[in-house]
Amino acid sequence: MKTIIKYFSVAANYLLLCSVAMISGCDDKETGNPVDEEYETVTANPRVAVLGNVSELDELEINSEFTVNFYVHAPAGIKSVVSVLLSDLNDSDEITDIPVSSNGLTEMYPSVTFTAKRKLKGVSIRIVDMNNNSRETVFPVHRVTGAPLDIFMEGNSYSVVGVLNKFFYISGEVISVNGLKELFYTPYVNGAAQAPVPISTGSDNNRVSFTIRHKVDEGLEKLEITMIDETGDEIHQSIKIIGSEGNPTFVPIERQVLEDNGITVFNTRAVASVEQLAYPFHTRSLQDLYYFPNLKVLDFTNGSIIEVKNRMPTLSFTYRYGVPPAVFTNNGGYWQPYLKLCDPISLPSKILLADLLADGSLEKIYYIPGSMDLDDVLAPYVDSGVVELVTPETHPKLFPDEAPIDYASWLNTTVYSAGYAVNLSYPARDYGIYNVNGYLINTKTVYRLALTGNEGGLAFELPKEYRFNKDIYKYLKFKVFTATPVEVLEASINSVPVNRYLNFQVRIGNTMYGYETNSIHGGQQDYINGTNTGTSALGPALTIKPDQLSSWTDYSRVMATNAAGDPQWQRMILIQPGAGNVPSAADFAAIEINGVTGLSGRLVYYFADIRLSKNP
């Protein structure tokens, strides 16, 4: 793996440009922040100017070699250049003098190779010119992995806000190449160490995930985690406890969730009056609950009960063609009844929730069974009424028989290729299209789709964390009407009739072609009635008959069942005119009909009432 990181240029007296090459067996990749075109002059010291932003070194593997290459320029002449491998704790720094070939040399291109150590904190380059002006630039190391003993922690890992008589939680991971012998933490109260508390390590003593649960007693100042490996090597990590007195601030892990609940100030005084919170399915941590001492109600239905709108995550697609690459992002929207989570919530949050229930802090929790993998924690509190299960039977208004697919999940198929280019209007407001053959369409549900590429279509894709809940909503339905002129549909080119665009393929899959990283499960598999049919799944045929051009055509197909196949593949819907059997891109652009060249913008469709339904 080769990492190129541009850091500083120092104008007038110095110029330092660095790149870092990590030597390993990985593929090449580029990282680092973009470099600005103009210098930012530091007015207090006009001889120094900084170009771009300081970046940190990428993740390094223990004992791997990485090389720092840099360019030094000093008009007064370079007196000395020193590189320093910075270490943490008790390890000594490793200093390397870089020879200057001659007095008065104004520029040079040094190269220094280092070996990554487990306590490596960064690399420093120090420059002195003949006038004894000096400059030091430090490049911190992001992380050293595979070390004999190392610890990584989540969330607010080096300090927590203490709420008196409340439990707090710290999650982390220990990696020990030589095997972990002991893992414990020591509380410090009023400066005095208390009895060490062992941390469970499980059966794997080389890689241990842990959660510390500790109550805030008066005077608690810090916890010190101690890790000792089989060779006797040890490392310590302190976590400061910020006292509950005063008005300490905290950094929320789920900031967006709290903001959706109307919370914008994050300190203990500001949240003291909060008694209820709503969380969306895609929540990855509940640890912010620790900061709310008077919380009584939790809504795990995306705010459907207490009427808080939790926003859904967005999803971005980089255009696969064109320079420079552009990005299309759907806006996420809000929870819809057909959404279901792909992956469960984190274990530490389940422990916290169990503690809040056990000590009687929570009076009510609203929960949709199977939605967040919290069923085992909540089950003991259902009979008492503390946990209220929200189901289609108990809350039918939250799960209507039919649920419109949210426009927020619309995906512009143009991202895939020029051939998939479209123009979309929503809601379509063309006069006279809504009352076709006596059927009145809700104007807020109509999409106008014009093909500007030969294979474009209408697509919807859910946020990465979600899939369609086909257990409740088993059918996809919509209506379609074409406003394409008859003379266009009757034309043909190179023996390919244009009326093939009256046939549609309707695909339900995992993600848009070529965007596997937009799904946590990768792949492009399609499931029809529980059978994996690969990427050729077209679904039941849809055809607008030539004698029904002035009518709305209804379409319905079943979503995949539970009979077979993994349900998380149900994330994307693609409705594609032409069913993949269309004129080539060249013919699409070259065909001439009534003196007008090309089909771009002339194949027009209206889709209405695109919805998921419980019933056939």
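Structure data summary
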read-out	value
Residue in the range 491-523 that is surrounded by the fewest Cβ atoms within 10 Å (Cβ to Cβ), counting only those that are β-branched (Val, Ile, Thr) and outside any loop (DSSP other than H, G, I, E, B)	Thr517
Looking only at the range 274-290, and only at residues there that are within 20 Å of the chain's Cα centre (by Cα) and assigned to a loop (DSSP other than H, G, I, E, B), the one that is nearest to Gly262 (Cα to Cα)	Tyr279
Evaluation of Ala483 against (1) modelled with pLDDT under 85; (2) open to solvent by 10 Å² or more (accessible area, probe 1.4 Å) (one fails), failing number	(1)
Gln194 vs. criteria surrounded by fewer than 17 Cβ atoms within 10 Å (Cβ to Cβ) and under 30 Å from Pro293 (Cα atoms)	yes
Residues (part of a loop (DSSP other than H, G, I, E, B), under 30 Å from Lys477 (Cα atoms) and out of contact with any Phe, Trp or Tyr (no Cβ under 7 Å at 6 or more places or on another chain)) located in the range 369-416	Pro369, Gly370, Asp373, Thr391, Glu393, Thr394, His395, Phe399, Pro400, Asp401, Asp406
Breaking point among (1) within 15 Å of Leu341 (Cβ to Cβ); (2) open to solvent by 10 Å² or more (accessible area, probe 1.4 Å), for Thr314	(1)
Within the range 388-420, tally of residues that are of a type in the set (Gly, Ala, Ser) and surrounded by fewer than 17 Cβ atoms within 10 Å (Cβ to Cβ)	1
Looking only at the range 227-259, and only at residues there that are part of a helix (DSSP H, G or I) and in contact with a Phe, Trp or Tyr (Cβ under 9 Å, 6 or more places away or on another chain), the one that is farthest from Gly303 (Cα to Cα)	Arg255
Within the range 417-428, tally of residues that are under 28 Å from the mean Cα position of the chain (by Cα) and either within 23 Å of Ile472 (Cβ to Cβ) or in a helix (DSSP H, G or I) (or both)	2
Within the range 460-471, considering residues that are modelled with pLDDT under 90 and not in a strand (DSSP E or B), the one surrounded by the fewest Cβ atoms within 10 Å (Cβ to Cβ)	Asp471
Some residue of the range 202-210 being surrounded by 13 or more Cβ atoms within 10 Å (Cβ to Cβ), under 35 Å from the mean Cα position of the chain (by Cα), closer than 24 Å to Leu356 by Cα and at pLDDT below 90	yes
Selected residue (criterion: modelled with the lowest pLDDT) from residues of the range 331-349 that are buried (at least 19 other Cβ atoms within 10 Å of the Cβ) and in a helix (DSSP H, G or I)	Pro348
Filtered residue count, the range 169-190, keeping only those that are closer than 21 Å to Asp233 by Cα and part of a strand (DSSP E or B)	12
Failed item in (1) modelled with pLDDT of 90 or more; (2) in contact with a Gly (Cβ under 7 Å, 6 or more places away or on another chain), with Met572 passing the rest	(1)
Within the range 59-96, considering residues that are of a type in the set (D, E, K, R) and either modelled with pLDDT under 75 or surrounded by 17 or more Cβ atoms within 10 Å (Cβ to Cβ) (or both), the one farthest from Ala116 (Cα to Cα)	Lys79
Residues of the range 291-305 that turn out to be free of Cβ contacts under 8 Å to residues at least 60 places away in the same chain, more than 20 Å from the chain's Cα centre (by Cα) and either surrounded by fewer than 15 Cβ atoms within 10 Å (Cβ to Cβ) or farther than 30 Å from Ile241 by Cα (or both), as a count	2
Residues that are in contact with a strand residue (DSSP E or B) (Cβ under 9 Å, 6 or more places away or on another chain) and either more than 20 Å from Thr413 (Cβ to Cβ) or at pLDDT 80 or above (or both), drawn from the range 522-533	Tyr527, Ile528, Asn529, Asn532, Thr533
Residue list for the range 97-123, filter: touching a Pro at 6+ places or on another chain (Cβ under 8 Å), modelled with pLDDT of 80 or more and either under 21 Å from Leu60 (Cα atoms) or among the small types (Gly, Ala, Ser) (or both)	Gly122
Count of the range 400-420 residues which are out of contact with any Asp or Glu (no Cβ under 9 Å at 6 or more places or on another chain) and over 17 Å from Ser584 (Cα atoms)	9
Qualifying residue in the range 220-234 (condition: acidic (Asp, Glu) and open to solvent by less than 30 Å² (accessible area, probe 1.4 Å))	yes
Cβ pairs under 7 Å, 6+ apart, first in the range 351-369 and over 22 Å from Arg284 (Cα atoms), second assigned to a helix (DSSP H, G or I) and open to solvent by less than 10 Å² (accessible area, probe 1.4 Å)	none
Some residue of the range 153-170 being modelled with pLDDT of 80 or more and among the polar types (S, T, N, Q)	no
Residue tally, condition open to solvent by 10 Å² or more (accessible area, probe 1.4 Å) and either farther than 16 Å from Thr391 by Cα or over 26 Å from the mean Cα position of the chain (by Cα) (or both), over the range 367-379	3
Subset of the range 364-392 [modelled with pLDDT under 95 and among the charged types (D, E, K, R)]	Asp373, Asp375, Asp376
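Residue-wise test of (1) in contact with a His (Cβ under 8 Å, 6 or more places away or on another chain); (2) open to solvent by 60 Å² or more (accessible area, probe 1.4 Å); (3) without any contact (Cβ under 8 Å) to a residue 12 or more places away in the chain.
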residue	(1), (2), (3)
Glu218	no, yes, no
Lys240	no, yes, no
Arg255	no, yes, yes
Val271	no, no, no
Glu275	no, yes, no
Tyr279	no, no, no
His282	no, no, no
Leu289	no, no, no
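The values are calculated or read from the model by the stated rules, or taken from the named source; none is laboratory data. These numbers come from a predicted model, not from an experiment. Cβ coordinates were reconstructed from backbone atoms using ideal geometry, including for glycine residues, and neighbour counts include every protein chain displayed. These accessible areas exclude ligands, DNA and RNA; they are computed on the full protein's heavy atoms, side chains included. Shrake-Rupley method; radii C 1.70, N 1.55, O 1.52, S 1.80 Å.
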